[in-house]
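A.B. asks: The structure's right below; bear with me while I get my questions together.
The values are calculated or read from the model by the stated rules, or taken from the named source; none is laboratory data. A quick note: this is a predicted structure, and the numbers were derived from the prediction, not measured. Glycine also receives a Cβ, built like all others from the backbone with ideal geometry; neighbour counts cover every protein chain displayed. SASA here: full protein model, heavy atoms, side chains in, ligands and nucleic acids out. Shrake-Rupley method; radii C 1.70, N 1.55, O 1.52, S 1.80 Å.
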Amino acid sequence: MEYQLELFDVDKSDLQIKDEVNVYLDYLQTPNEAFSGMPVCPFLKAELENYKLMIEVWRPGEKPLNELWRKFFESDFNSALFICVDTEELKWKDVPRDAYQKSIQGFLKQWSDESRKYKAILFSPFEERTAAGEPTRKKSPYFLINVATREELHLSHTKLLDTKYFDNFSEKELKKLKVKKDTK
C-alpha cells in the first residue's frame, strides 16, 4: 500500500485527505506480527471509537497552526492529529521532522499552562525510521502532527512495557523509545 505517487495533491478536499489518512489509521490498528500480534498503535482504536481524537487538515498559509491548537484546547478531545498538506510555499518532504518536533515542543511548553500538559509526536513518510523493523511512518500518506497529554503517553508507554510489544525491536529502536532490554 504505497501512497508516494499521489502524496500531495493540493486540490484534494479535506474529506479526500481524511479518507486517505483513515486507511493509514486502519493499518495502525491492525494486529501486526512485528509487534507480537498487537497493533502498531494499540491505543488508537479506543480513541477513535470514543470520538476522542480530533482530526484536522492543515494547509500552512491558509490558516495559522495556532488556530488548530486553540480549537483543540477548547474542545473535549483527548488528542489530535493534524494532517499537514503541501502548499506552493511549503513541501513537507523538505521539513526536518526532528527539528520541527522540537520547535513545536518548545511552543507547547511556553504557550499556556494548558499547552504544557501536551506533547507532540510528528510522523513523516519521508524519514527512514522503523519500529520492530516495520517502516510504520513511511506508510503515512502525509506528514502528521499527533498531540496527546504527556501523562497519557507515559501511561501508554508504561502499559506496553508489561507486554511482548517491544520483543521484535532492535537495540537502536529500543534506545530511541527509552525502553531498557531488561524491562521488556
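A.B. asks: Give the stretch 125-158 a look and list any residue that's open to solvent by 70 Å² or more (accessible area, probe 1.4 Å), over 15 Å from the mean Cα position of the chain (by Cα) and either touching a residue at least 24 places away in the same chain (Cβ under 8 Å) or over 26 Å from Gln105 (Cα atoms) (or both), or say none.
C.D. replies: Glu151
A.B. asks: Mind telling me which of the residues Gln101, Gln110 ends up being surrounded by 13 or more Cβ atoms within 10 Å (Cβ to Cβ), of a type in the set (S, T, N, Q) and not in a strand (DSSP E or B)? Spell out the reasoning first.
C.D. replies: On the way: Gln110 fails: surrounded by 13 or more Cβ atoms within 10 Å (Cβ to Cβ).
On inspection, the qualifying residue turns out to be Gln101.
A.B. asks: Out of the residues in the stretch 170-184 that are part of a helix (DSSP H, G or I) and over 27 Å from Ser115 (Cβ atoms), state the one that is most open to solvent (accessible area, probe 1.4 Å).
C.D. replies: Lys175
A.B. asks: Taking Lys12 as meeting all but one of (1) modelled with pLDDT of 95 or more; (2) of a type in the set (Lys, Arg); (3) part of a loop (DSSP other than H, G, I, E, B), write down the number of the exception.
C.D. replies: If we test Lys12 against (1) modelled with pLDDT of 95 or more; (2) of a type in the set (Lys, Arg); (3) part of a loop (DSSP other than H, G, I, E, B), just (1) comes out false.
A.B. asks: Still on this structure, please answer the following. Only one of (1) part of a loop (DSSP other than H, G, I, E, B); (2) touching a residue at least 40 places away in the same chain (Cβ under 8 Å); (3) of a type outside the set (Phe, Trp, Tyr); (4) under 30 Å from Asp19 (Cα atoms) fails for Asp167. Which number is that?
C.D. replies: (4)
A.B. asks: Which one of Glu47, Glu88 is surrounded by 15 or more Cβ atoms within 10 Å (Cβ to Cβ) and charged (D, E, K, R)? If you could, list the steps in order and put the result at the bottom.
C.D. replies: Values: Glu88 fails: surrounded by 15 or more Cβ atoms within 10 Å (Cβ to Cβ).
Sole residue among the options that is surrounded by 15 or more Cβ atoms within 10 Å (Cβ to Cβ) and charged (D, E, K, R): Glu47.
A.B. asks: What is the residue count in the stretch 15-34 for residues that are outside any helix (DSSP H, G or I) and either open to solvent by less than 30 Å² (accessible area, probe 1.4 Å) or of a type outside the set (S, T, N, Q) (or both)? Full working, then the answer.
C.D. replies: Initially, the stretch 15-34 is screened for residues outside any helix (DSSP H, G or I), giving 30-32.
Filter once more, so that each one left must be either open to solvent by less than 30 Å² (accessible area, probe 1.4 Å) or of a type outside the set (S, T, N, Q) (or both): 31-32.
Qualifying residue count for the region: 2.
A.B. asks: Shifting gears a bit: Within the set of pairs 6 or more residues apart or between chains, which connect a residue that is more than 13 Å from Thr136 (Cα to Cα) inside the stretch 27-49 to a residue that is of a type in the set (Lys, Arg) with Cβ atoms less than 8 Å apart?
C.D. replies: Cβ pairs passing all conditions: Ser36/Lys164; Gly37/Lys164; Met38/Lys164; Ala46/Lys52.
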